[in-house]
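First up is the structure itself, then whatever we jot down about it.
The values are calculated or read from the model by the stated rules, or taken from the named source; none is laboratory data. Everything numeric in this text was worked out from a predicted model, so none of it was measured. A quick note on method: Cβ atoms are made from the backbone with ideal geometry, for glycine too, and the neighbour counts reach across all protein chains shown. Calculation scope for accessible area: heavy atoms of the full protein, side chains included, ligands and nucleic acids excluded. Shrake-Rupley method; radii C 1.70, N 1.55, O 1.52, S 1.80 Å.
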Amino acid sequence: MEWATVQHLDLRHVGRGVNRRLQPHAATFHPTQALVAVAIGPCIIEFDAVTGSKLSTINIGAPVVRMGYSPTSGHSVIAILEDCTIRACDFDTEQTCVLHSPEKRSERITIDTEVHLALTPLQPVVFFGFSRRMSVTVIGTVEGGRAPTKIKTDLKKPIMNLACHPRLPVLYVAYADGLIRAYNIHTYAVHYTLQLDNTIKLIGAGAFAFHPTLEWIFVGDRRGTLLAWDVSTERPSMIGITQVGSQPIASISWLSMLKLLVTVSKDGTLQVWKTRLVVNPNRPLMPANFFEQAGIESIDVPRILSQQGGEAVYPLPRIKALEVHPKLNLAALIFANMAGADNMRNRAAYTREGRKQLFAVLQSARGSSASVLKEKLSSLGASGILADHQLQAQLQEHHLKGHVQPTISDIARKAFLHSHFMEGHSKSTPISRLPLISILDTKHYLKDIPVCQPFNLELNFFNKENRVLHYPVRAFYVEGLNLMAYNLGTGGDSIYKKLYTTIPGNVEYHPKHMVYSKIQQLFLVVYEFSGSTTELVLYWENTSYQAANSKGSTLKGRDAAFIGPKEFQFAILDEDKTGLSLYILPGGDTKEGKDNKDLLLEENPTAEETKDGSLQGPIQFMFESEVDRIFSTPIESTLMYVSNGIQISLAKLVQGYRLSKSDGHYIQTKSEGRKSIKLKLNEIVLQVHWQETPRGYVAGILTTRRVLMVSADLEILASSTMKFDKGLPPIS
């Protein structure tokens, strides 16, 4: 998995009137909707987070220091401004309301000032306070209408942070020595205290995050320590601790869809963590083993900035904060001000002095090992090393030219020349686009969408006289090891079938695809185990005439598809991506079923029927080249196959010819004149759905680049354009 840019929110129009470009310095997501509010200059702009469309703009007169969507009102943002006022901005009416003004009119702060803001969905109030002050101020929102009240806490210690529990009436106040107190938001009585023993030194919480379902609280300390507390019991316990680094932790975010924790340190280092579950309750997990690094590529900032039509900025900007959507795999990346002091220090990396240091290191390290040189180069910082995307480009260029693998010295010399070039070409203008990013699984683009069996309206539904739609009773999806059924009438879901009884605790598993035959009442579910092995589960629904077949069975394979209008056959793509196995279901008395049964007996006279005489096969086929996916078709003896980035094509499974050295049938994939749809570079097919129309069968095809409607002979009837398709995969 890797970080990828979904789109850039274009803010270049802000500040044009004053002849200077501005940079977004704060952002927040709506708690339940796909909306994002961005603060840039004196404006707050709201966008649709999926399409990138600008919805409304409010000029509030001063830059925002801290803000968040109000959880008690549907569509407003609570913001603390540089003039120390707290305002509520209603996007529906595009009006602002002052909730609090400072006692001293001259009191001002900057966008880098540390201010604490806490909002709760259980009461229309705002808790706020300045760092290292001894009190917390509570004010009412527009709905609350409450006068400002200053709360003196029971501990006479500087306050380092504030946070409200998202589901419980609890306010957490973090103090300077690492102690955290939980107060009732109505009575301000102390519920409990989170505190470690004196052996572990803490400075104070720099950030909070909450698990969406469990009573876990994640705390990032200013000493660089990450902690996890379980507050579900009367006596809360510390369940996890690890050292992220030496820099203070500036922000923590929980990615609900991926069940991962993201930390950002003050120096801009971004790390992703996963939490270990307690597999054996008799052997509790050690807190030191609770957090572990997630297997995700480190974020490449130049690549993030240049993807999806953006442009890279030099010198490399520092990540200031990461704002994460509570329910979607979506985040906004906030950078430090490009005109600030940090950027001036980074720019020094590209000066003549920086090149002198690099040259001296190269001279002194002549003849040394690569590890010694690498260590010396890393100590120089940006003057001695290339960004990840540049290093990869250099390695690829060497490989294409047939050169030997470059040494660390070669790379260092490239960095030397690069720094010389960048001295005169570095961009230090503000980054006026806000990148929305997500963690992308390159093996599974639809990771954010449940593995389910969708149902659609018929294409000619609105042309019928009697427009009555017969919905199915339930919709099916896969959750973990279970096949789930969602009742469309009651809205309740239940476990329809447990597909695996047990799986060892050390084996990771992910459902990848699901295919369902309504005619045969058969489910084919593909699972991936520990990142490489794939397996297919067959499950027949419980029916009166197939009661004996209600047990599930498994076969090896990476993908599956049904074939023909009656779906009496299904094919399984082997893990090597070239082999294909065809199976015949009971009742295959159609012409296609008889042809393939005869073929099976002809090739393998001793072929045995499996599963109580209900399933026959396999008949082996072989593709000429590797195939990534196969999809069901309602066309007799025909299978759709896809080679990502190359083509979509159809294959006849009976009319192949036999190789002299092979037992199976050979399916050509490269023959000229074969009807196919060419795919764009890196374009991946995600879903295919067929419907019957007066013109014959029509398929809807979703890829990572576009949506296609094609006929049964792969003639493109309609396609979408990239201009309106935003996101990964495109929204349409």
Exercise. So between Thr93 and Thr51, what do we pick up on full extension, going 0.36 nm a residue minus the alpha carbon distance?
Worked result: 12.9 nm
Exercise. Using a 1.4 angstrom probe and counting only protein chains, how large is the accessible area of Tyr192 in Å², to 10?
Worked result: 40 Å²
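Once fully extended, how much extra length lies between Asn289 and Lys104, figured as 0.36 nm per residue of separation less the alpha-carbon to alpha-carbon distance?
Value of the extension gain: 61.6 nm.
To the nearest whole percent, what portion of all C-alpha pairs in region 1-157 is separated by more than 28 angstrom?
On the way: 2802 of 12246 pairs.
Tail of P(r) above 28 Å: 23 percent of Cα pairs.
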Seminar exercise, completed: Under a 1.4 Å probe, counting only protein heavy atoms, Glu479 has an accessible area in Å², nearest 10, of 100 Å²
For this session: Give the residue from Ser256, Asn198, Thr269 lying farthest towards the positive end of the charge dipole for region 183-321; charges sit on Cβ (+1 for Lys and Arg, -1 for Asp and Glu) and the dipole is referred to the Cα centre.
Result: Asn198
Seminar exercise, completed: The simple spin-label model distance between Leu155 and Asp628, using points 7 Å out along Cα→Cβ, in nm, is 5.3 nm
For this session: Calculate the spin-label point distance for Ser256 paired with Gln620, positioning each point 7 Å from the Cα along the beta-carbon direction, and give it in nanometres.
Result: 4.9 nm
Problem set entry | Percent accessible area from carbon and sulfur atoms, region 1-87, protein chains only, probe 1.4 Å | 46 percent
Exercise. For Arg674 and Thr554, what does the FRET efficiency come to when R0 = 30 Å and r is the distance between their Cβ atoms, rounded to the nearest 0.05?
Worked result: 0.30
Problem set entry | Peptides ranked, highest mean first, by Cβ atoms within 10 Å: ranges 484-494, 260-270 | 260-270, 484-494
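Please work out how much length the chain gains when fully extended from Asp197 to Thr429, using 0.36 nm per residue of separation minus the C-alpha to C-alpha distance, in nm with one decimal.
Contour length minus Cα-Cα distance gives 78.8 nm.
Mind checking the dipole of region 158-282: about its Cα centre, +1 per Lys or Arg Cβ, -1 per Asp or Glu Cβ, Debye to the nearest 20? Walk me through the numbers before you get to the answer.
Values: 10 positive and 7 negative charges, 41 e Å.
Charge dipole, region 158-282, about its Cα centre: 200 debye, nearest 20.
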Problem set entry | Ranked order, Leu168, Leu702 - accessible area, probe 1.4 Å, largest first | Leu168, Leu702
Problem set entry | Estimated inter-spin distance, Glu692 and Arg146, nm [label 7 Å along Cα→Cβ] | 6.3 nm
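If you take the beta carbon distance between Leu488 and Ser237 as r and set R0 to 35 Å, what does 1/(1 + (r/R0)^6) give as a FRET efficiency, to the nearest 0.05?
The pair Leu488/Ser237 has a calculated efficiency of 0.25.
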Exercise. Probe 1.4 Å, all protein chains in place: accessible area of Arg66 in Å², nearest 10?
Worked result: 90 Å²
